[in-house]
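Everything on this sheet refers to the single structure shown next.
The values are calculated or read from the model by the stated rules, or taken from the named source; none is laboratory data. Just so it is clear, the structure is predicted and the values come from calculations on it, not from any experiment. Using ideal geometry, Cβ is built from the backbone for each residue, glycine included, and neighbour counts are taken over all protein chains shown.
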Amino acid sequence: MSPILNQAGGLRYHFRGIRHRSRLWQPFRKAVGRWLAGFCPSGPLLLVAPSGGYCLDPGWLSQVQEGGRAIHAVDWDPLAPWFFGLSHPRASVHWHRADLIAGGGKELERLLASLPDARVLFCNFLGQAELASPREYPAFAARLSSQLQGRIWASFHDRYSGQIRPSSLEPFESTAGRASPEELMQHFYRHSRSGELNEHTLPLLPEGAHHCYWQWELRPGVFHLIEGVRGLGPDPLVAGTVPVTHS
C-alpha cells in the first residue's frame, strides 16, 4: 500500500493532526513534552516515524536544537517533511526516507549503523507497525531489541485503543517495569475490562526500561492509551504521575 494511503498514517493522519493538534491533542502533546524533558540527548537525535510532528512539543524540539544537536528524522511517508515543517517551522531536520519494516527491519538497521551516536525516539510508531506491514512485522519485531542494545532510546506508542473514555486523565508511572493490564484498568478504566479494548501488538523491547502512560483522544469519542518507554539513560521525571512499586 502507498505510504500516503496507509491506514496507520498518510493523508488521513495528516488531516487529523492539522485539525486536532491545537485543541483535542493539546493535553497529550503537553504530557509527551513533559515526559521528554528528561530526554534531551547530548548527541544527535533520530526521530523514527514522526510524520508531521503533531505529537511533539515544539518547546522540547527547541531545547534539543539549542544545544547544537543535529536532528535526523526517518519516515516512509514522502509528505512527512513538508507537514513537519508546517508544524515546526524553526526545526532544522535532516530527513531520510525508508520503509522501516521492510526486509524485517534491515532499513532501520542500516540507518542506525550510519548514525552510531544518535539517540533514538520512536514517535507513536511501534504500536502501529503491525498494521502498516503485517507480513514483514514479525521479523522486524524479532530483531528490534538487539538493534537498540547499547543505545539511549525512547518510544511512545499505542498500548490500548477503543471508544471507552478513561475514568482518569492523570498520567500513570511504573518504576518497576511494564504495567500489567490490571494496573492500567484500575487506573484508567475502573468500570471496564481490558477485553473491551483493542490491545496493540508491540515488539519485545530491552528490559529495565521505565514506563509511563497517558490517554490520548485521537478523534472525538476514540481514545488511545499511550505507553511511553525509556531505555538507557536517566529516568524521566513526569509531573503529576502516580508511582507504582511492583511486589
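Condition first: outside any strand (DSSP E or B), exposed (fewer than 14 other Cβ atoms within 10 Å of the Cβ) and at pLDDT 90 or above. Now tell me which residues in the range 194-247 satisfy that.
Pro220, Gly221, listed by residue number.
Could you give me the residue pairs with C-beta distances under 8 Å whose first residue belongs to the range 76-94 and is more than 8 Å from Gly52 (Cα to Cα), whose second residue is of a type in the set (Phe, Trp, Tyr) wherever it lies, and which are 6+ apart or on separate chains?
Pairs that qualify, where the first residue is more than 8 Å from Gly52 (Cα to Cα) and the partner is of a type in the set (Phe, Trp, Tyr), are Ala91/Phe84; Val93/Phe84.
Residues of the range 1-36 being within 16 Å of Pro50 (Cβ to Cβ), at pLDDT 85 or above and hydrophobic (A, V, I, L, M, F, W, C), which ones?
If the condition is that a residue be within 16 Å of Pro50 (Cβ to Cβ), at pLDDT 85 or above and hydrophobic (A, V, I, L, M, F, W, C), then Ile18, Trp25, Phe28, Val32, Trp35, Leu36 are the ones that fit.
Of these, Leu169, Leu111, which one is over 18 Å from the mean Cα position of the chain (by Cα) and at pLDDT below 90?
Leu169
Those residues that are of a type outside the set (A, V, I, L, M) and under 23 Å from Gly231 (Cα atoms), I need them from the range 171-193; list them, please.
Matches in the range 171-193: Pro171, Phe172, Glu173, Ser174, Thr175, Gly177, Arg178, Ser180, Pro181, Glu183.
Within the range 21-49, can you find the residues that are within 19 Å of Ser114 (Cα to Cα) and either surrounded by fewer than 21 Cβ atoms within 10 Å (Cβ to Cβ) or not small (Gly, Ala, Ser) (or both)?
Across the range 21-49, the qualifying residues are Pro41, Ser42, Gly43, Pro44, Leu45, Leu46, Leu47, Val48.
State all residues of the range 138-159 that are closer than 25 Å to Glu196 by Cα and either in a loop (DSSP other than H, G, I, E, B) or of a type in the set (Phe, Trp, Tyr) (or both); if no residue qualifies, say none.
Phe156
Would you tally the residues in the range 78-104 being within 19 Å of the chain's Cα centre (by Cα) and either over 21 Å from Pro58 (Cα atoms) or at pLDDT below 90 (or both)?
5
Give me a count of the residues in the range 56-113 that are on the phi < 0 side of the Ramachandran plot and assigned to a loop (DSSP other than H, G, I, E, B).
18
Is the range 53-71 home to any residue that is among the polar types (S, T, N, Q) and either within 20 Å of His20 (Cα to Cα) or under 16 Å from the mean Cα position of the chain (by Cα) (or both)?
No: the range 53-71 contains no residue that is among the polar types (S, T, N, Q) and either within 20 Å of His20 (Cα to Cα) or under 16 Å from the mean Cα position of the chain (by Cα) (or both).
Please give the number of the condition Ser174 fails out of (1) in contact with a strand residue (DSSP E or B) (Cβ under 9 Å, 6 or more places away or on another chain); (2) surrounded by fewer than 21 Cβ atoms within 10 Å (Cβ to Cβ); (3) polar (S, T, N, Q).
(2)
Yes or no: Gly68 surrounded by fewer than 22 Cβ atoms within 10 Å (Cβ to Cβ) and without any contact (Cβ under 8 Å) to a residue 24 or more places away in the chain?
Judged against the criteria, Gly68 is a match.
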